[in-house]
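A.B. asks: Before I ask anything, let me first share the structure, which is written out below as structure tokens.
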Amino acid sequence: MKRAAVPAFALSVLYGCAWHQQSALNPGGPQAAKIDTLWWSFFWLLGVIFIIVMTVLLLTLTGRRANMEREALEVTHKASPQTESQTRRIVTGATIITILILFVLIVASVGTGKAIADLGFKKNPLTIQVTGNQWWWEIQYINGDASQTLVTANEMHIPVGRPVQILGQSQDVIHSFWVPNLHGKRDLIPSRTTNEWIEADQPGAYRGQCAEFCGLQHAHMALWVIAEPEDRFDAWMRAQLQPAASPSTQETIRGQQVFLNNACVFCHQIRGTTAGGQNAPDLTHFGSRRGIAANTVPNTKGNLAGWIVDPQSMKPGNHMATIAVNSTDLQPLVDYLESLK
Ligand code: CUA
């Protein structure tokens, strides 16, 4: 029973990696589809070669055993000149075929790289600046009109079927932007801007993560890319451009005061209030986002309360200050932040 459980577990992990939410083998856009095709062509070609090599190896081994038995009987054995020249021909042929196959793989790989880069020439792109921070993502929608420039964090919405230019930057160390269902990895390098194009051709929520080791919480630096039809994206953008909703209940009014009277305001911004900090995620529409702490945990009231009270136990080493919120202030603060839809 236990023996069967191990391969079953391994298979389920493999299946989960390959076909679950975050996978390069489940393409949601044209570039990922090209990478997927390349991956499968490598897989099948190399798989066939592996089977051929293993078959030849097995045949050789069994043949050799028979030979050795014959040699033991004949005492001496010498390869004929005919066998030697035949062996030489086989080895030369195998070498030529190997070189040809490697050449084909190089051409396929370079061709895919070029095809992926071509998307940038399409019309009407959306430009998003993604800045890596230890350990969260700042997402800024660039627009010539300053009133249409939006800053958010850890969750990016994009319209389906429209190319998106990602301008990558970093505030501290090297990070890497990677949303496997949409594209390969692109480094975010301090004092440099990198460029990448993505496009989603099907609506969906695609999980991404940092793919370059960037310190203690590298593993907890995730983001969501939500691809939706153009009209829903426009509605989302309109809502996000609005300043934060004013608190309407006694509880949320009190929560807002707690927020504004604490050190939160030095790092976080909530547009429409006096909180204007720029070092941490913008919280103007925090309640609309899926996760907390760069998607370390789902955005629920319980998780948020835990995060505020003791951020270091949830994500050790992170740069969020622990603020001394007393127990009667915590619930209003959580209610207020969650009301920021
Ligand atoms: Cu950022 Cu790893």
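A.B. asks: Select from region 213-266 the residues that are in contact with a helix residue (DSSP H, G or I) (Cβ under 8 Å, 6 or more places away or on another chain) and among the acidic types (Asp, Glu) and list them in ascending order.
C.D. replies: Of everything in region 213-266, those that are in contact with a helix residue (DSSP H, G or I) (Cβ under 8 Å, 6 or more places away or on another chain) and among the acidic types (Asp, Glu) turn out to be GLU228, GLU251.
A.B. asks: If you take the residues of region 187-212 that are of a type in the set (A, V, I, L, M, F, W, C) and open to solvent by 20 Å² or more (accessible area, probe 1.4 Å), which of them is nearest to the ligand (Cβ to nearest atom)?
C.D. replies: Applying the filter and picking the extreme gives ALA211.
A.B. asks: Okay, moving on. If the requirement is being free of Cβ contacts under 8 Å to residues at least 40 places away in the same chain, open to solvent by less than 30 Å² (accessible area, probe 1.4 Å) and under 27 Å from THR149 (Cα atoms), which of these qualifies: ALA293, ALA275?
C.D. replies: ALA275
A.B. asks: Looking only at region 160-184, count every residue that is assigned to a loop (DSSP other than H, G, I, E, B) and within 11 Å of the ligand (Cβ to nearest atom) and tell me the total.
C.D. replies: Total satisfying the criteria: 4.
A.B. asks: Quickly run through region 312-333 and pick out the residues that are within 27 Å of SER246 (Cβ to Cβ), within 29 Å of the chain's Cα centre (by Cα) and not small (Gly, Ala, Ser).
C.D. replies: MET320
A.B. asks: Could you please find all residues in region 114-133 being part of a helix (DSSP H, G or I), of a type outside the set (D, E, K, R) and open to solvent by 40 Å² or more (accessible area, probe 1.4 Å)?
C.D. replies: ALA117, PHE121
A.B. asks: Please indicate, with yes or no, whether at least one residue in region 315-322 is more than 21 Å from MET237 (Cβ to Cβ), surrounded by 16 or more Cβ atoms within 10 Å (Cβ to Cβ), assigned by TED's automatic domain parsing to the domain that holds VAL258 and free of Cβ contacts under 8 Å to residues at least 40 places away in the same chain.
C.D. replies: Going through region 315-322, the residues more than 21 Å from MET237 (Cβ to Cβ) turn out to be 315-322.
In the following step, the residues that additionally are surrounded by 16 or more Cβ atoms within 10 Å (Cβ to Cβ) were identified as 315, 318, 320.
Filter once more, keeping what is assigned by TED's automatic domain parsing to the domain that holds VAL258: 315, 318, 320.
Checking the rest, the ones that are also free of Cβ contacts under 8 Å to residues at least 40 places away in the same chain come to none.
No, every residue in region 315-322 fails to be more than 21 Å from MET237 (Cβ to Cβ), surrounded by 16 or more Cβ atoms within 10 Å (Cβ to Cβ), assigned by TED's automatic domain parsing to the domain that holds VAL258 and free of Cβ contacts under 8 Å to residues at least 40 places away in the same chain.
A.B. asks: A follow-up question, please. Within region 134-143, track down each residue that is more than 14 Å from the ligand (Cβ to nearest atom) and not in a strand (DSSP E or B).
C.D. replies: ILE142, ASN143
Okay, residues lined up against (1) modelled with pLDDT under 95; (2) farther than 17 Å from LYS341 by Cβ:
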position	(1), (2)
VAL225	no, yes
ALA245	yes, no
ALA263	yes, yes
PHE266	yes, yes
ASN279	yes, yes
PHE286	no, no
ARG289	no, no
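A.B. asks: Among all residue pairs at least 6 apart or on different chains, which show Cβ distances below 9 Å where the first residue, located in region 173-193, is under 18 Å from ALA219 (Cα atoms) and the second is more than 9 Å from the ligand (Cβ to nearest atom) and basic (Lys, Arg)?
C.D. replies: Pairs found: SER176/LYS185; SER176/ARG186; PHE177/LYS185; PHE177/ARG186; TRP178/LYS185; TRP178/ARG186; VAL179/ARG207; PRO180/ARG207.
The rows are residues; the columns are (1) at pLDDT 90 or above; (2) among the β-branched types (Val, Ile, Thr); (3) part of a helix (DSSP H, G or I).
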{"site": "ARG3", "(1), (2), (3)": "no, no, yes"}
{"site": "CYS17", "(1), (2), (3)": "no, no, yes"}
{"site": "ILE49", "(1), (2), (3)": "yes, yes, yes"}
{"site": "LEU57", "(1), (2), (3)": "yes, no, yes"}
{"site": "THR60", "(1), (2), (3)": "no, yes, yes"}
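A.B. asks: Please state which of the following conditions THR87 fails to meet, knowing it meets all the rest: (1) within 22 Å of ASP201 (Cα to Cα); (2) open to solvent by 20 Å² or more (accessible area, probe 1.4 Å).
C.D. replies: Single failed check for THR87: (1).
A.B. asks: LEU100: surrounded by fewer than 19 Cβ atoms within 10 Å (Cβ to Cβ) and not acidic (Asp, Glu), yes or no?
C.D. replies: Yes, satisfied.
A.B. asks: Considering only region 232-255, state which residues are under 26 Å from SER147 (Cα atoms) and more than 34 Å from the chain's Cα centre (by Cα).
C.D. replies: SER246, PRO247, SER248, listed by residue number.
A.B. asks: Evaluate region 247-254: report whether one residue or more is in contact with a Lys or Arg (Cβ under 9 Å, 6 or more places away or on another chain) and at pLDDT below 95.
C.D. replies: Yes, the conditions are met somewhere in region 247-254.
A.B. asks: If you go through region 213-265, how many residues are away from the ligand (no atom under 16 Å from the Cβ), within 25 Å of ALA324 (Cβ to Cβ), in a helix (DSSP H, G or I) and open to solvent by 30 Å² or more (accessible area, probe 1.4 Å)?
C.D. replies: Number of matching residues: 8.
A.B. asks: Check GLY161 against each of (1) modelled with pLDDT under 95; (2) open to solvent by less than 10 Å² (accessible area, probe 1.4 Å); (3) not charged (D, E, K, R) and name the one condition it does not meet.
C.D. replies: Result: GLY161 passes all but (2).
The values are calculated or read from the model by the stated rules, or taken from the named source; none is laboratory data. Since the model is a prediction, treat every value here as computed from it, not as a measurement. When we count neighbours, we look across all protein chains shown, and the Cβ atoms used for this are built from the backbone with ideal geometry, even at glycine. When the accessible area is computed, the model is the full protein with side chains, heavy atoms only, and any ligands, DNA or RNA have been set aside. Shrake-Rupley method; radii C 1.70, N 1.55, O 1.52, S 1.80 Å.
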